[in-house]
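Beneath this line is the structure, given in structure tokens, with notes to follow.
The values are calculated or read from the model by the stated rules, or taken from the named source; none is laboratory data. If you're wondering where the values come from, they're calculated on a predicted model, not measured in any experiment. Cβ coordinates were reconstructed from backbone atoms using ideal geometry, including for glycine residues, and neighbour counts include every protein chain displayed. For the accessible areas, the whole protein counts, side chains as well, though only heavy atoms, and no ligand, DNA or RNA atoms are used. Shrake-Rupley method; radii C 1.70, N 1.55, O 1.52, S 1.80 Å.
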Amino acid sequence: MAVLSQLEPKSVFRFFEEISQIPHGSGNVEQISDYLVQFAKERNLFYIQDAIKNVIIVKEATEGYEKEPAVIIQGHMDMVAVKKPDCPIDMKSQGLQMAVNGDFIYAEGTSLGGDDGIAVAYALAILDADDIKHPRLEVVITVDEETGMDGARAIDLSMLQGKRLLNLDSEEEGILLTSCAGGARVKCEMQASQLQTEGMLLELELSGLLGGHSGAEIHKERANSNCLMGRVLYALLQELDLRLISMEGGLADNAIPRQTKAVISVNETVAEHLGTAVKKLEKELQGEYAGKDDGLYLTCKRIGIQETVGISEDDTMKMVAMLIALPNGVQTMSADMPGLVETSLNLGILKFENGRLLAEFAVRSSVESAKHALIDKMRAITYLAGGSMEVSGDYPGWKYRKESPLREKMIAVYEEMYGETPKIEAIHAGLECGILGSKIEDLDCVSFGPDMKDIHTTEEVLSVSSTQRVWQYLLKVLATKD
């Protein structure tokens, strides 16, 4: 039985729930893309599905709107697929377990995918309807936005007629976004020789953190479990010899990691004192993050005396030193827009196995030169540590447009509907508007969406009432003639 069937607008939530039953984490979009194609075929709508599974669907203008400017409705089909440690769902092959609590929709044990499933649901509900007034609609649904905007980068938009784009990838009602930061993905690596070692194996775990979106929550100074694990290991190395056996934390480079585990090998006599040192570090970190991330826990669990493969104490120190030397978090704030982060980075994924350390970052900045300067700094630190670095997914920022007929129209419609002026803001998180704007000359973009909280985490929720209001606003924007 459909969980969302009684919610309004029914068509939007019907499609949102259908989408939730199709696995669509980044890099796993074939099923959701084919679903969109089948949707278009069943309604005899023109569509394009490209080689990497981006989808474009076109619906001609309704009667009386043939001369109005075409509108592009845009979002992405992939989601950040994360789950709680005890959740049995395989997010690569199974759908989500939707639930409703008051005004909020959530998924049990996993992220919800409201970012950006709600954009897809809005678009499909409009394309499916016969009673909604609109100009020519060109719906563009991209792949793998969450892992570097690969879909937006590759998509061919040459067949589109629209010069106005509604990006439905924002998470706060009443705010019209008109510019955003650019970014890149950075992978720092270091390799060490492996050797047989015997000792007491211990598992260190940092957990209980809030996490969050590295664009939307980075300024809140929440704890990053990957970075803190580096600090813990470095502090322990000042007092005792240890060898790194394995380490893993984080699920996406653009999500602030909530949990990191490391397995270390120590001398059995040293193990007796390690628990006390770990408790001391836990207390220090809890005090440091009081009021910012109050659920922090650091635990140490004995695995037992074993012979295993690890790396030397010296190589362990080099890797941990590189880890804590690499920057993380807010680097600079904007001088032009008070409260807006200008440049930041997030260590979202950390892995150590088979002697190889991998640290993956999401780097963001609204100033291109500052972005590249930060990347150069990371490259220099990695080089000095004896590692290597790779940059991918470099995308431009979205510049504010002084003259924007679309923005002015949307402001006027909002004021008419709600009796107040919407906020016009920039965002530190990355949006696809900058890349798409480089493909369509003189593209006029505005990004908006309903209220969501804690996106990219297992606490993600979507407001039902806000979804309904934004739906009505979207329809009014489409129905309002120039």
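Summary of computed values
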{"quantity": "In segment 88-163, the GluC sites (Glu not before Pro) that fall in loop regions by DSSP, at most 14 other Cβ within 10 Å", "calculated": "GLU108"}
{"quantity": "Selected from THR458, LEU436, MET410, residue furthest toward positive end of dipole (segment 395-469; charges at beta carbon)", "calculated": "LEU436"}
{"quantity": "Share of alpha-carbon pairs per 5 Å distance bin for segment 50-104, given as whole %", "calculated": "4, 10, 14, 13, 14, 13, 12, 10, 7, 3, 1"}
{"quantity": "Label-point separation in nm, ALA129 to GLU268, each point 7 Å along Cα→Cβ", "calculated": "7.2"}
{"quantity": "Loop-located GluC sites (Glu not before Pro) in segment 407-482 whose Cβ has at most 12 other Cβ within 10 Å (DSSP)", "calculated": "GLU420, GLU441"}
{"quantity": "Ellipticity estimate at 222 nm from DSSP helix runs (n ≥ 4, -39,500 (n - 2.57)) divided over the chain, nearest 500", "calculated": "-9500 deg cm²/dmol"}
{"quantity": "Set LYS53/LYS163; LYS187/LYS402; LYS92/LYS409; LYS10/LYS53 screened for pairs whose C-alpha atoms are more than 32 Å apart", "calculated": "LYS187/LYS402; LYS92/LYS409"}
{"quantity": "Signed unit charges on C-beta, dipole axis of the chain, positive-most listed residue VAL3, GLY339, VAL29", "calculated": "GLY339"}
{"quantity": "About the Cα centre, charge dipole magnitude for segment 292-374 (Lys/Arg +1, Asp/Glu -1 at Cβ), debye", "calculated": "140"}
{"quantity": "Lone cysteines, the chain (no partner Cβ under 4.7 Å)", "calculated": "CYS87, CYS180, CYS188, CYS227, CYS300"}
{"quantity": "Estimated dipole of the chain in Debye, rounded to 20 [Cβ of Lys and Arg +1, of Asp and Glu -1, Cα centre]", "calculated": "400"}
{"quantity": "Cβ-Cβ FRET estimate between SER369 and SER207, R0 fixed at 41 Å, reported to 0.05", "calculated": "0.60"}
{"quantity": "Among (1) 136; (2) 152; (3) 188, the entry that matches volume of the Cα convex hull per residue in Å³ as calculated here", "calculated": "(2)"}
{"quantity": "Extension reserve of the SER312-ASP34 stretch, reckoned as 0.36 nm per residue once the Cα distance is removed", "calculated": "95.2 nm"}
{"quantity": "Only Lys, Arg (+1) and Asp, Glu (-1) charged, at Cβ; segment 198-253 dipole about Cα centre in debye", "calculated": "220"}
{"quantity": "Accessible surface of the chain, 1.4 Å probe, proportion on carbon and sulfur as whole %", "calculated": "48"}
{"quantity": "Under 28 Å from LYS301, Cα to Cα: lysines that are on another chain or at least 8 residues apart", "calculated": "LYS83, LYS84, LYS261, LYS279, LYS280, LYS283, LYS292, LYS318, LYS351"}
{"quantity": "Segment LYS481-GLU408, length gained on full extension (0.36 nm per residue, minus Cα span)", "calculated": "25.0 nm"}
{"quantity": "Amide N proximity, segment 118-155 versus ALA99 label position 7 Å along Cα-to-Cβ, cut-off under 16 Å", "calculated": "none"}
{"quantity": "Per residue value of the accessible surface for segment 262-369 (all protein chains in place, 1.4 Å probe), Å²", "calculated": "48"}
